[in-house]
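Chemist: The following block contains the structure, expressed as structure tokens.
The values are calculated or read from the model by the stated rules, or taken from the named source; none is laboratory data. None of these values were measured; they are calculated from a predicted model. Methodologically, a virtual Cβ is constructed for each residue, glycine included, from the backbone with ideal geometry; neighbour enumeration extends over all protein chains shown. For the accessible areas, the whole protein counts, side chains as well, though only heavy atoms, and no ligand, DNA or RNA atoms are used. Shrake-Rupley method; radii C 1.70, N 1.55, O 1.52, S 1.80 Å.
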Amino acid sequence: MGVKFYKYSALGNDYIVIDPLINQIILNVENIKRICDRNFGIGSDGILYGPELIDEEIHLRIFNPDGNEAEKSGNGLRIFARYLKEHGYVESIEFDIITKGGKAHIFVLDGENSRIKVDMGTASFLSSDIPVKGTKREVIRERIVVHGQEMQCTCLTIGNPHCVVEMTEISNELAKELGPSLENNELFPTKINVQFIKVIDRNNIHIEIWERGAGYTLASGSSSCAAASAAFRLGLVNKSIKVHMPGGVIEVEISENGHVLMTGSVDSVYEGELSSHFEKSLV
């Protein structure tokens, strides 16, 4: 029996689920890179490795296509929630998933498991939490220069680190040009996810995303939550925000207790099995 996998898409942000309870595979940096490669592997924005059942709790490990482990992924959580429901690991429409970036509470909103809400926890703008180098402070509209261009960035963590840059106009070309330099800026010791944000009105924002370890991305749940949280913290939007991305729209709500709730769709793409030849080529 070969390694079985399941591929899902959340607004064009695609992940492969590999279930350790039905597969025997050793994941390392090179194997992850190979599997995620769009030319030589299956192709994806990352791997969701789970469930791992520890003390009756469901744990999920998230790997970026560069082989490094991520703390949290909003789209990944929605995708994994659908996988858990479809494969009988959970029966309730509410349950928890534990990631390296903390516990997330899941709400399944329809019978097809295609519309899912996630409580992503609370956002912190403290430099020591994100992390961002320098004295301990909230990183709000700080000056940063990239490619000779001065801009303002607001940084935060919502289980994983984000840098939100306000712009009057944004594009995928802009994200691809400036994203790598911001991701790898010396200010960010663990690198950082980058969102370029344009405010449309009090309830709508548009973002372009450069994702740490993945590159340009059509959509991202945690990026949506980070951009909405930053815009709310800066007084630019109300508590209910629609985040528009090239892949689609995610709804974000900032609750009274500060929790960030994200709602979006998930599509099942296909399932398959790694060929014996491909498995043997993995290190």
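Chemist: No solvent, one uniform scatterer per C-alpha: report log10 I(q)/I(0) for the range 138-231 via the Debye equation at q = 0.20 1/Å, two decimals.
Modeler: Log10 I(q)/I(0), no solvent term: -0.90.
Chemist: Could you put 199, 194, 283 in order of accessible surface area, largest first, with the 1.4 Å probe and the full protein assembly present?
Modeler: 283, 199, 194
Chemist: Beyond 24 Å between alpha-carbons counts as too far, so tell me which of 7/33; 117/242; 103/280 fall in that bin.
Modeler: Check vs 24 Å cut-off fails for 103/280.
Chemist: Another question, if that's okay. Can you send over the carbon and sulfur percentage of the accessible area for the chain, probe radius 1.4 Å, protein chains only? Mind showing how you got there, number by number?
Modeler: On the way: 5790 of 12130 Å².
Accessible surface attributable to carbon and sulfur in the chain totals 48 percent.
Chemist: With a 10 Å cut-off between alpha carbons and a GNM built on the chain, which of 21, 126, 156 moves the most?
Modeler: Maximum fluctuation in the GNM of the chain, among the listed residues, is at 21.
Chemist: Measure out, as a whole number of angstrom, how far apart the alpha-carbon centroids of the range 183-201 and the range 22-64 sit.
Modeler: A separation of 25 Å, based on Cα centres.
Chemist: Take the Cα pairs of the range 16-161, get the Kirkwood Rh, then feed it into Stokes-Einstein at 25 °C and 0.890 mPa s and tell me D in µm²/s.
Modeler: It comes out at roughly 144 µm²/s.
Chemist: Do you know the relative contact order of the chain, to the nearest whole percent, from alpha carbon pairs under 8 angstrom that are 6+ apart?
Modeler: 20 percent
Chemist: Just to confirm, what accessible area per residue do you get for the chain at 1.4 Å probe, in whole Å²?
Modeler: Result: 43 Å² per residue.
Chemist: What is the extension gain from residue 240 to residue 169, computed as 0.36 nm multiplied by their sequence separation minus the C-alpha to C-alpha distance, in nm to one decimal?
Modeler: Once the chain is fully extended between residue 240 and residue 169, it gains 23.3 nm.
Chemist: Please compute the modelled spin-label separation between residue 149 and residue 136, points set 7 Å along Cα→Cβ, answer in nm with one decimal.
Modeler: In this crude spin-label approximation the distance works out to 3.5 nm.
Chemist: Follow-up. List the aspartates and glutamates whose Cα sits under 13 Å from the Cα of residue 4, skipping any in the same chain fewer than 8 residues away.
Modeler: 19, 271, 273, 279
Chemist: Next up: Using only alpha-carbon positions, what ratio does the radius of gyration of the chain give when scaled by 2.2 N^0.38 Å? Spell out each step's value before the answer.
Modeler: Details: Rg = 18.3 Å, N = 283, 2.2 N^0.38 = 18.8 Å.
The reported ratio for this selection is 0.97.
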